[in-house]
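J.: Take this structure first; my questions come after.
Throughout, read-outs are computed from the coordinates displayed, never taken from laboratory work. As the structure is a prediction and not an experimental result, all values here were calculated from the model. Positions of Cβ are backbone-derived with ideal geometry, glycine not excepted, and every protein chain shown enters the neighbour counts.
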Amino acid sequence: MKVSFNSVKAVLTDIEGTTSSISFVKDVLFPYSKKHLKDFVQKHEGDPQVRRILKEVESLEAGDPLEVLLRWIDEDKKITPLKEIQGLIWEEGYKKGEIKGHIYEDAYRKLKEWHERGIPIYVYSSGSVKAQKLLFGHTPYGDINYLFSGYFDTKIGSKKDPESYRRIAKEIGFKPEEILFLSDNVDEVKSASEVGMKVVRFAREGENEYLENFPFPQVRSFEDLEIL
Ligand SMILES: [Mg+2]
C-alpha cells in the first residue's frame, strides 16, 4: 500500500522491524553479547564502569551476576545494567569490525532524502541511545548518524505509553500532529496515535504480516511512504 502525508514537520522512527531487521538484533547482536560476555568481563575486571554494572546486577538479583546477565539476554529483559553491558560489548564488536549495523536500503535512501529536504528525523527505540548510535555509526553505508537530529530510548518512558510520545513531541518542539511516527509494533503505533501523531505501521516482508482491519496505514517498506 502506498501512503502519503501532508504537513509532516518531523519524523520519529523505531529501529527493529522498521529501519532494520528484527533478525539483526535477535540473530546477530544478542548472540554476540552472549558469546563475548564472560571474556569481556574478565578483560575489563578492573574497569570501574564494569564493576558498577555487575554490582547493580547483584543488587537486582541474587546469584552469579554473569549467569544472571546471560539469562536476562535469553529473556530479552529491558533492564538498564544489561543494556549497558551489552552496549559496551557491542561497541568493541563494531570497532573491531565484527558487527555491521543493519539498515534496509529503502530506509537509508528515504531517510537520506528526507534529511536533505530538511525534515528532522528522530529515533525512538528500546535499545539504548548508545546502542542506537553504534548501529547507525557502523552500517554498510558508513556512519549515518548525521541523518538524525536526536535519539530517545526507554529513559523517556515505555514505547507503549502514550505519555512518552507526548514527552518526545514536547522535547523536540513539534506538535504531535506535525510528527510522523513509524513502527512495526501495533501498541506503539496506537500509543503515538492516541496523542495525535500521524502513524504508519511497518509490516516488512518475512518479518511482520499486514493486519486486517487495522485502523492505521501499513507499508512493506519506506518506498511505499511519501511526505509531500
Ligand atoms: Mg520495532
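J.: Compute, for the chain, the length of the dipole vector about the Cα centre, with Cβ point charges of +1 (Lys, Arg) and -1 (Asp, Glu) only. Units Debye, rounded to 20. Intermediate values should be presented prior to the final figure.
T.: Working: 35 positive and 40 negative charges, 116 e Å.
With Lys and Arg at +1 and Asp and Glu at -1, about 560 debye.
J.: Cβ under 12 Å from ASP74's Cβ, ASP74 left aside: what net charge do those residues give with Lys, Arg +1 and Asp, Glu -1?
T.: Details: positive: LYS26, LYS34, ARG71, LYS77; negative: GLU67, GLU75, ASP76.
My count for the surroundings of ASP74 gives +1.
J.: Net charge around VAL189, counting only other residues with Cβ within less than 13 Å of its Cβ (Lys, Arg = +1; Asp, Glu = -1)?
T.: 0
J.: Continuing with this model, one more query. Sum -39500 (n - 2.57) across every DSSP H segment of at least 4 residues in the chain, then divide by the residue count to get the 222 nm mean residue ellipticity, nearest 500.
T.: -12500 deg cm²/dmol
J.: Still on this model: Could you sort 206-212, 29-35 so that the peptide with the highest average Cβ count within 10 Å comes first and the rest follow in order?
T.: Answer by packing, highest mean first, reads 29-35, 206-212.
J.: Here's something else I'd like to know. For the range 1-65, just list the percent of Cα-Cα distances falling in each 10 Å bin from zero outward, please.
T.: 16, 28, 24, 18, 12, 3
J.: Tell me, in nm to one decimal, what length is gained between LYS100 and SER4 on full extension, where the rule is 0.36 nm per residue of separation less the Cα-Cα distance?
T.: In short, 31.4 nm is gained.
J.: Suppose R0 equals 25 Å; then what is the FRET efficiency for GLU209 and ASP161 from their Cβ-Cβ distance, rounded to the nearest 0.05?
T.: The computed FRET efficiency comes out at 0.50.
J.: Kindly express, to the nearest 10 degrees and within the range 0 to 90, the angle between helix 105-116's C-alpha long axis and the longest C-alpha principal axis of the chain.
T.: Compared with the principal axis, the helix lies near 70 degrees.
J.: Report, to one decimal in Å, the Kirkwood hydrodynamic radius for the range 70-138 based on all distinct Cα pairs.
T.: This gives a value of 13.6 Å.
J.: Choose one answer from GLN42, GLN218, GLN132: the residue with the largest mean-square fluctuation in a GNM of the chain with alpha-carbon springs under 10 Å.
T.: GLN42
J.: Hey, what angle do you get for helix 65-74 against the long axis of the chain, alpha-carbon based, 0 to 90 degrees rounded to 10?
T.: Computed tilt is about 30 degrees.
J.: Hey, what angle do you get for helix 80-95 against the long axis of the chain, alpha-carbon based, 0 to 90 degrees rounded to 10?
T.: 90
J.: Going by amide H atoms built from the backbone, whose H comes under 5 Å of the H on PHE152, apart from near neighbours?
T.: Close amide H contacts, sequence-distant or interchain: VAL123, TYR124, SER125.
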